[in-house]
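Undergrad: Structure provided below as structure tokens; questions to follow.
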Amino acid sequence: TYTTDTKSREENKKTIESLYRLSVDIKKIRRLKEWVLLQDVAYVKEIAGILQEMGADETAVANILECCPEAILHTPAEINSQKALWQLVCQNEKQLIKLIEQFPESFFTTEHHENQKANILFFQELGLKNNIITRFLTSAPNIFYNPVEKTKNVIETLKRNYLSLGGSDANMKIWILKLLSQNPFILLNSPNAIQENLEFLQKNGFTDHEVLHLLSKLKGFIFQLTPTTMQKSMVFSKNVFKCSDQELKQLVLTCPALLYYSVPVLEERLEGLLKEGISIAQIRETPMVLELTTEIVQYRIKKLSALGYDIKSGTLESLNGTKKDFEVSYGKIQSKKERPIFNPVAPLSIED
């Protein structure tokens, strides 16, 4: 823990000089993390040396230290240990230094070293490819900070539930690995929370097969919800669409976003659609449109309107999907509109 009391402290001149020699923008550090410059002990030359040994040029070293100046407060031994750790999943030093340049804060978090190592080894045993583990290290580093026992408990809970919901032994490993690669943050949940969420769905009439379908469709994000938030979202949807429990269940299976998004988010998106003249009946017919933000919906409606396509009287299917899906739909409507009404290759009858 480093002190952040700046009033009675002066900048460490030796640190400033060492950073200056490395062409580091000291003003930037002063603006963002001045407390680093006030520490009595810093290892500027040593950390720069380790980075250079890995292949970082002068510009890369300066960028890394500007983005993550607290790197210089770690001992060379800590950084060498972290380097050895990341080399367990990196192909070579070239790949490693590239990752450090892009994600310096993830690399220079040297706490929980033993937990990080145990989790990396466990992920490898589980069958996760090294490129997936490096993605976790950079984008979800906190999943490595927990003791490996907690990680194993969560995995065991997922396996047990997968089998009890009718999943097969043969597919279980593939299912677990896919779920983790889509959403590593599952591992931050407690096994109890996972159990509670699954039981909530079963109590609300979803069959085992349907629960399994929702787990896969929501890419594990269902575990970041609570029974309370899911209940509120379902009640909101039931009131809006004026449907029975069975009809609501079908809507949720078609569009799991109805379960995943909170009431304020659903309200905002629904309001945005209604303002565009779209009816509740149309939304109920194509609920997946609620997966899109209001801004995306407005942009797509504007583009379609320019082609003379009236969204109010047609289906919402053309609004749906990813950016790529929409571009395909838009392209089809555009080519249909531009198609000539006469056959350009037919001979013209010209009177002499």
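The values are calculated or read from the model by the stated rules, or taken from the named source; none is laboratory data. The shown structure was predicted, so the numbers you read here are calculated from the model rather than taken from an experiment. Here the Cβ is made from the backbone with ideal geometry for all residues, glycine too, and neighbour counts use every protein chain on show. The protein model used for the area step is the full one, side chains on, heavy atoms only, and it has no ligands, DNA or RNA in it. Shrake-Rupley method; radii C 1.70, N 1.55, O 1.52, S 1.80 Å.
Undergrad: Could you please find all residues in the stretch 145-159 being surrounded by fewer than 19 Cβ atoms within 10 Å (Cβ to Cβ) and under 13 Å from Leu215 (Cβ atoms)?
TA: Once the filter is applied, which keeps residues that are surrounded by fewer than 19 Cβ atoms within 10 Å (Cβ to Cβ) and under 13 Å from Leu215 (Cβ atoms), the stretch 145-159 yields only Lys159.
Undergrad: Here's something else I'd like to know. Which residue out of Lys336, Lys324 is out of contact with any Leu (no Cβ under 7 Å at 6 or more places or on another chain), modelled with pLDDT of 85 or more and either surrounded by 11 or more Cβ atoms within 10 Å (Cβ to Cβ) or assigned to a helix (DSSP H, G or I) (or both)? Give the steps one after another, and end with the answer.
TA: Values: Lys336 fails: modelled with pLDDT of 85 or more.
Among Lys336, Lys324, only Lys324 is out of contact with any Leu (no Cβ under 7 Å at 6 or more places or on another chain), modelled with pLDDT of 85 or more and either surrounded by 11 or more Cβ atoms within 10 Å (Cβ to Cβ) or assigned to a helix (DSSP H, G or I) (or both).
Undergrad: Now for a separate question. Can you tell me which residues in the stretch 185-238 are farther than 29 Å from Val148 by Cα, among the hydroxyl-bearing types (Ser, Thr, Tyr) and surrounded by fewer than 19 Cβ atoms within 10 Å (Cβ to Cβ)?
TA: Answer for the stretch 185-238, where residues must be farther than 29 Å from Val148 by Cα, among the hydroxyl-bearing types (Ser, Thr, Tyr) and surrounded by fewer than 19 Cβ atoms within 10 Å (Cβ to Cβ): Thr207, Thr228, Thr229.
Undergrad: Here are some conditions: (1) free of Cβ contacts under 8 Å to residues at least 12 places away in the same chain; (2) open to solvent by 50 Å² or more (accessible area, probe 1.4 Å); (3) under 26 Å from the mean Cα position of the chain (by Cα). Glu267 meets all but one. Which one does it not meet?
TA: (1)
Undergrad: Can you tell me which residues in the stretch 90-117 are in contact with a Gly (Cβ under 7 Å, 6 or more places away or on another chain) and either assigned to a loop (DSSP other than H, G, I, E, B) or surrounded by 19 or more Cβ atoms within 10 Å (Cβ to Cβ) (or both)?
TA: Ile97
Undergrad: Does any residue in the stretch 203-227 that is within 16 Å of Leu179 (Cα to Cα) come within less than 9 Å, Cβ to Cβ, of a residue that is among the basic types (Lys, Arg) and at pLDDT 90 or above six or more places away or on a different chain, and which pairs are these?
TA: These pairs meet every condition: Ser216/Lys178; Lys219/Lys178.
Undergrad: Of the residues that make up the stretch 141-157, is at least one closer than 26 Å to Thr59 by Cβ, in contact (Cβ under 8 Å) with a residue 24 or more places away in the chain and in contact with a helix residue (DSSP H, G or I) (Cβ under 6 Å, 6 or more places away or on another chain)?
TA: yes
Undergrad: Hey, another quick one. Among the residues of the stretch 118-127, is there at least one that is of a type in the set (A, V, I, L, M), open to solvent by 50 Å² or more (accessible area, probe 1.4 Å), in a helix (DSSP H, G or I) and farther than 15 Å from Leu179 by Cβ?
TA: yes
Undergrad: Here is a follow-up. So, Ala346, is that one assigned to a loop (DSSP other than H, G, I, E, B) and either at pLDDT 85 or above or open to solvent by 40 Å² or more (accessible area, probe 1.4 Å) (or both) or not?
TA: Judged against the criteria, Ala346 is a match.
Undergrad: Taking Ala71 as the residue in question, decide whether it is over 14 Å from Phe107 (Cα atoms) and either open to solvent by less than 40 Å² (accessible area, probe 1.4 Å) or not hydroxyl-bearing (Ser, Thr, Tyr) (or both).
TA: Spelling it out, it is not the case that Ala71 is over 14 Å from Phe107 (Cα atoms) and either open to solvent by less than 40 Å² (accessible area, probe 1.4 Å) or not hydroxyl-bearing (Ser, Thr, Tyr) (or both).
Undergrad: Is it true that some residue in the stretch 172-191 is more than 24 Å from Ala118 (Cβ to Cβ) and part of a loop (DSSP other than H, G, I, E, B)?
TA: No: zero hits.
Undergrad: So which residues in the stretch 278-321 are within 20 Å of the chain's Cα centre (by Cα), closer than 29 Å to Gln246 by Cβ and part of a helix (DSSP H, G or I)?
TA: Met288, Leu290, Glu291
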